[in-house]
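The values are calculated or read from the model by the stated rules, or taken from the named source; none is laboratory data. A quick note: this is a predicted structure, and the numbers were derived from the prediction, not measured. Quick reminder, even Gly has a Cβ in these numbers, built from the backbone with ideal geometry, and neighbours come from all protein chains shown. For accessibility, only protein heavy atoms count, side chains too; no ligands or nucleic acids. Shrake-Rupley method; radii C 1.70, N 1.55, O 1.52, S 1.80 Å.
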Amino acid sequence: MIKLATVFSGIGAIEHALDRMGLEHKIVFACDNGDVDILSKKIDDNINEIEDEINSLKKIVENNAKKEDEFSKQLKQCENKLKKAKKIISEIQFEKLDINLKEILKKSMNSETKKTKIKEYECLKSTMECLDLNDENLIFEQIKITLKILNDFSKDNDLKKLDKSKIKSSDNLEWEVVLENIKFISSISEKNDFKKIQKDVKEVCEYLGMLHERINTQKIHKELENMKNYSDKKKYVDNLYKGKESQNKVKQSYMANYKINEEDFHWNVSFLDGKQYKNKVDLFVGGSPCQSFSLVGKQRGLEDTRGTLFYEYARLVSEIKPKVFIYENVKAVLSNDDGRTWETMQKVFTDLDYTWKQTVLNAKDFGIPQNRERIFVVGFRNDIVKDMKKGFKFPEPVGLDKKMQDFLLDNVSGKYYLPKKGVAFVTDEENLNKRYTQIDGEVSLCQKKNQQFNWHGDFVFVEENKDMEKTMQDLEKYFLSEKVKKYVLATGTKGFYSRPEIDLEIARPLLTTMHKMHRAGVDNYVTTEGRIRKLTPRECLRLMGFCDSFKIEVSDTSMYQQAGNSIVVDVLIAIMTEILKCYDFDQEET
């Protein structure tokens, strides 16, 4: 029996893989907070709020001598960056800008302007009326309003080629009336680099949000250090999330599909003491959050709070000392920060006292029609290497004989039905008596070469789906409206181009954000009965290697997120098959 433990457990890809392989296993523990965040804080790009947050964190740091120098230095960096932005703001003459912004907001709207835009601009007008040009924070609001207006204008026009006769507005704003005002605020913005000011302030906000999480995490660690009992530690952490239990949709899916006791499911990897499981785990599987490395994220790497969770995974390997570990992440880990991130991670893996290998595997090479490349690291504890039958090798690609269409609810069985001539041959009494064919047999006939092409062999009786109307009703909410269809089939905006394609044979990578319905150059869309629709949650699960026996206990949105965040089961099956060729988990260690 394989003793299994997972962190960032998600919907249990390795658990499902072991089930599909028929391998007996016991879940020692699992850990996933389901993105329930109690530690970080969103800091708005408001100068007063930023300064309040810096002062608040300073007070916490003063009471934490262990990390005081590190955190104080980081807070000082935030302070200095904010001071630079404030200095630039203080040197800008905003009186004329103020007059021009008010003119634009007053004269650009008319009865034809879109209601949403009127509401938005009326709100901006109210903000402008409250501005005090002696208040740095309110002056910063002017910068944001300026950039907002210029962005709206640039959607349909080129700021560098302003021809009054060619001015357009998809929001039905009268830009030509305020064209001179637009020219003025554009020149002020360019001269003082408003975009850089806003970017710098936003970066301070984001960094402070991560720092808030790190400082509060350290504060909790200090509390846990004073507890010697593992049970008390778990109760303390569980209490931190009290009242948030229903928000952890990942746990809800996990508990519905796998046998695990409540006390063995942990909330937060950062607060999990691995020493309680030392030498009690055979196989340890996980992959720290990929957003900090992903190409669709900001790629902050190990500097991002989510990126630093890689160190927590490594810490747990060191404390638990499993016989084998499997680590998974996005391929972009290798190139993040010009390769320096992966260089650091390699050193960490090597220091764990494990013999390890890494490679990039693509789901489409292992029977799943999804173009999903991921890096996998497999490590064997050095003291068991001598007991291995042979050295570990990653699995070789296998042929792909299925298309995405084979995984769709409405198309999955169509290609396997026999034509009328085939039905006549298979059901012919003489052919049945001679055992050329068999229908719903308990023991299959001897398999012969090319039997599928000449209607010999085993067949099953399936009642014809006469209720296509019911199927279409079930799919109805996944079809796109004309408005949404127009959006998803667009090529993109000025800053981002993607070629829209639907009905692909090999799916694009399923994203955790696919519920937001990105354009057809990013997400997957299919055609049913001549209508375009998005994939259903069940279809997404199939494309991740999960059988239909997997219970869906959460909303569509949550299931899309969980499927997109999972590891492809078939890839794990291929890896586990190779692991078992070189190591027997049940053998006695020498």
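Numbers for the structure displayed
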| read-out | value |
| --- | --- |
| Normalised per residue, the volume of the convex hull around the Cα set of segment 500-587 (Å³) | 127 Å³ |
| Whether segment 184-264 is rounded, prolate or oblate, judged on the alpha carbon gyration tensor where a/c under 1.5 counts as rounded | oblate |
| Virtual spin-label span in nm between Asp474 and Cys582, 7 Å along Cα→Cβ | 4.3 nm |
| Among beta bridges that DSSP assigns inside the chain, antiparallel share in %, nearest 5 | 55 percent |
| Charge dipole (the chain, unit charges on Cβ, about Cα centre) - positive-most of Leu309, Phe94, Ser9 | Phe94 |
| Potential extension, Ser126-Lys161 segment - 0.36 nm per residue separation minus Cα distance | 9.5 nm |
| Alpha-carbon Rg/Rh ratio, for segment 523-566, with Rh computed the Kirkwood way | 0.99 |
| Phe394/Tyr241 FRET efficiency (R0 45 Å; Cβ-Cβ; nearest 0.05) | 0.75 |
| Ranked packing of 252-260, 216-224, most packed first, by mean Cβ within 10 Å | 252-260, 216-224 |
| Carbon and sulfur %, accessible surface of the chain computed with the full protein complex present, 1.4 Å | 49 percent |
| On Cα atoms only, tilt of 95-107 relative to the major axis of the chain in degrees | 60 degrees |
| Entries of Lys125/Lys183; Lys164/Lys195; Lys148/Lys191; Lys83/Lys196; Lys41/Lys244 with Cα pairs more than 21 Å apart | Lys164/Lys195 |
| Surface accessible to a 1.4 Å probe, per residue, for the residues of the chain, Å² | 53 Å² |
| Student exercise, the chain dipole from Lys, Arg, Asp, Glu Cβ charges, in Debye to nearest 20 | 1080 debye |
| Nearest-ten-degree value, helix 305-320 long axis tilted from longest Cα axis of the chain | 40 degrees |
| Pair Lys196, Tyr487: separation of 7 Å Cα→Cβ label points (nm) | 3.5 nm |
| Point-charge dipole on Cβ atoms (K/R +1, D/E -1) for segment 164-226, about Cα centre, debye to 20 | 220 debye |
| Structure-based [θ]222 nm, the chain - -39500 (n - 2.57) summed over DSSP H runs of at least 4, per residue, nearest 500 | -13000 deg cm²/dmol |
| Inter-centroid distance (Cα atoms) of segment 559-575 relative to segment 70-92, Å | 43 Å |
| Length gained when the stretch Glu343-Ala256 is fully extended (0.36 nm per residue, less Cα-Cα span) | 27.4 nm |
| Rg followed by Dmax, in Å, when segment 57-180 is reduced to its Cα trace | 20.1, 66 |
| Cross-link pairs beyond the 28 Å C-alpha cut-off, checked among Lys364/Lys386; Lys87/Lys119; Lys202/Lys516 | Lys364/Lys386; Lys87/Lys119 |
| Potential lengthening between Glu225 and Lys421 on full extension [0.36 nm per residue; Cα-Cα distance subtracted] | 63.1 nm |
| 0 to 90° range, to nearest 10: angle between helix 47-62 axis and the chain longest Cα axis | 60 degrees |
